[in-house]
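A quick write-up on the structure given underneath.
Readers should treat all values here as calculations from the given coordinates under stated rules, not as data from a laboratory. Source: prediction; values computed, not measured. Reconstructed Cβ throughout: ideal geometry from the backbone, glycine too, with neighbour counts over all protein chains shown.
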Amino acid sequence: MIVIDASAIVALILMENGYEKVSEIIRVEKPVYTVDHAIKEVANAIWKAAYLKKVISSDSALKIYKGFIKLVKTHIIRVENESQYIDKAMEIALRYGIPVYDALYIAQALIYGELLTFDRIQARIARELGIRVIP
């Protein structure tokens, strides 16, 4: 089973580089898993695209956000409570010098075996821990 982090979800919903691959993986492998922190990260990325970067309108941002939430509500992306991963995430964060919120995805992927991410640092650490990294 695959854990998807916020970087891959954002690429998908904002149609950034690599979104086609994420879309294909989700279609074939659904459901994919993530931690509840991802909802906040994705919402923030949508806000940033609309409010700070002004690459999408506020109306588009709301539509994109609702589309993302639909993926969650229909369990295409299954969201798990991060509290079950926080202890391991803290260990990973301290060992590798990364933020705990990034380490949460790695901790979850230790259980599921695979991590879909566009974050190079997360990918490197995940590989070191024996996790298969996509792409």
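Summary table below
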read-out	value
Residues Asp102, Asp119 arranged by fewest to most Cβ contacts within 10 Å	Asp119, Asp102
Computed lengthening from Lys40 to Asn17, 0.36 nm per intervening residue step minus Cα-Cα distance	6.1 nm
Electrostatic dipole magnitude of the stretch 1-72 [Cβ: Lys, Arg +1; Asp, Glu -1; Cα centre; debye, to 20]	260
Rough spin-label spacing in nm, given labels placed 7 Å along Cα→Cβ, for Ser57 and Arg124	4.2
Between the stretch 20-53 and the stretch 81-124, the alpha-carbon center distance in angstrom	16
Longest site-free stretch - the chain; sites: trypsin sites (Lys or Arg not before Pro), DSSP loop, at most 16 other Cβ within 10 Å	55-135
Number of Lys pairs (Cα under 21 Å; 8 or more positions apart or on different chains) in the chain	21
Mean shadow area of the stretch 1-45, taken as a quarter of the surface of its Cα convex hull (nm²)	2.9
Among Ala103, Ala93, Ile134 the positive-end extreme of the charge dipole of the stretch 91-135 (Cβ point charges)	Ile134
Helix-only [θ]222 nm of the chain, DSSP H runs n ≥ 4, -39500 (n - 2.57) each, per residue, nearest 500	-18000 deg cm²/dmol
Only Lys, Arg (+1) and Asp, Glu (-1) charged, at Cβ; the chain dipole about Cα centre in debye	380
Relative exposure of Ile77, Ile86, Ile4, Ile26, judged by other C-beta atoms within 10 Å (fewest first)	Ile86, Ile26, Ile77, Ile4
Shape box of the stretch 1-125 [Cα atoms, principal axes, largest first, Å]	40, 32, 25
Potential lengthening between Arg27 and Arg95 on full extension [0.36 nm per residue; Cα-Cα distance subtracted]	21.0 nm
